[in-house]
């Protein structure tokens, strides 16, 4: 496979439990702190409640136009988009004059959009929310396109926890194919009752702050948030005389074809996705400064990743963000992608929060302290239910 053309990233935005913008989130990772707590907005039956990582309120900017946007999910997305647009040096006039697409990954949006319908039915009211209106209420790509009056393609990707990594990969393809001058790409998910109770039912929710790759890991903690990057075509970058912040160098996706919730015992799909991302970017494993692991804190996920990293990236340090921000589901791939770039810019990676005691069954362990890195390229990988594996190769230079 020939090397694909790098795609410029000219702006980024992020908000999650670690902070309300990308600089705050990045700084938080290196402070060695984390703040999981019982859910404040969910009706919970578990006693004691399981800890989660919530975005602190108030987070929303009331100056946004908010064209018929009532859902927290879309509000989170709009905040991240606004930060990314400012970071890219764009404005509404410029966006409206270009072919700007929107590609956003999410895993719970459609379910959240059904809440108003269920409420009206339970209160014996006439269900006035039509299916098409309900869809629009639960589609962050539509809200973003309407808010900024964008004329390009719009797509909400729903592919479990790989959704936003896939959205970035698809958006990069739109740029390479000349479909768009720029794409707003990323992901969003808010905490939701069904997923909270669902992971408890699956018995992979830790009652304590999660401990990715630790011998005593007991499962994940849920989180919420949004992250967005502005991908831009070469001609647009030159015309604006804008220096890219980073590049999407490669993207790979593959299926385990093994089990609905359990990853393949040998990481078959993850290995294929990594190889595809490296081939697409014309890269070698030794080019990686570090790996940003999916690292959920569940027994199977961490075991599979550790063995794959040991064999494919024996020289590269790795860490997981989940101990700081929880598992943000459909937003995880995008949040990890922008934090990966932020770490490359910092020249260091943070300690993997929650990790203290190595698991003797794992051949490698994440970094236990802030670690300096050499190089300008990194891998961010995402594993998802359904056996989905998505990998992004990201770098500070395009050549």
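The values are calculated or read from the model by the stated rules, or taken from the named source; none is laboratory data. Keep in mind the model is a prediction, meaning the values are calculated, not measured. Neighbour counts run over all protein chains shown; Cβ positions are idealised from the backbone, glycine included.
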Notebook entry, point to check: Among the residues of the stretch 258-292 satisfying the criterion of being part of a helix (DSSP H, G or I) and without any contact (Cβ under 8 Å) to a residue 40 or more places away in the chain, which is farthest from residue 162 (Cα to Cα)?
Noted result: 286
Next item on the list: Just give me the residues in the stretch 87-101 being in contact with a strand residue (DSSP E or B) (Cβ under 7 Å, 6 or more places away or on another chain) and either within 14 Å of residue 331 (Cα to Cα) or not in a loop (DSSP other than H, G, I, E, B) (or both), in sequence order.
Entry: 87, 100, 101
Item checked: Test set (1) more than 17 Å from the chain's Cα centre (by Cα); (2) farther than 24 Å from residue 4 by Cα; (3) buried (at least 19 other Cβ atoms within 10 Å of the Cβ); (4) in contact (Cβ under 8 Å) with a residue 60 or more places away in the chain - residue 295 fails condition number -> (1)
Notebook entry, point to check: When you scan the stretch 343-398, how many residues do you find that are in contact with a strand residue (DSSP E or B) (Cβ under 7 Å, 6 or more places away or on another chain), assigned to a strand (DSSP E or B) and over 14 Å from residue 292 (Cβ atoms)?
Noted result: 4
Check: Only one of these conditions is not met by residue 93: (1) surrounded by fewer than 18 Cβ atoms within 10 Å (Cβ to Cβ); (2) touching a helix residue (DSSP H, G or I) at 6+ places or on another chain (Cβ under 8 Å); (3) modelled with pLDDT of 60 or more. Which number is it?
Finding: (2)
Next item on the list: Test residue 239 against the criterion of being part of a helix (DSSP H, G or I) and modelled with pLDDT of 95 or more, and give yes or no.
Entry: no
Notebook entry, point to check: Do we find that residue 331 is in a helix (DSSP H, G or I), modelled with pLDDT of 95 or more and either more than 17 Å from the chain's Cα centre (by Cα) or under 27 Å from residue 79 (Cα atoms) (or both) in this structure?
Noted result: yes
Notebook entry, point to check: What is the one condition in (1) crowded, with 16+ Cβ neighbours inside 10 Å; (2) modelled with pLDDT under 95 that residue 382 does not satisfy?
Noted result: (2)
Note to self: For the stretch 131-233, give me every one of the strands (runs of 3 or more DSSP E) that falls completely inside it and has 2 or more residues that are in contact with a strand residue (DSSP E or B) (Cβ under 8 Å, 6 or more places away or on another chain) and closer than 25 Å to residue 57 by Cβ.
What the structure shows: 182-189, 225-232
Checklist line | Residues located in the stretch 24-43, provided they are surrounded by 13 or more Cβ atoms within 10 Å (Cβ to Cβ) and in contact (Cβ under 8 Å) with a residue 40 or more places away in the chain | finding: 25, 26, 28, 29, 30, 34, 36, 39, 41, 42
Margin query: Could you check the stretch 239-255 and list, in sequence order, the residues that are over 20 Å from the mean Cα position of the chain (by Cα) and surrounded by 15 or more Cβ atoms within 10 Å (Cβ to Cβ)?
Written below: 240, 242, 244
Check: Out of the stretch 327-349, which residues are surrounded by fewer than 24 Cβ atoms within 10 Å (Cβ to Cβ) and touching a helix residue (DSSP H, G or I) at 6+ places or on another chain (Cβ under 6 Å)?
Finding: 342
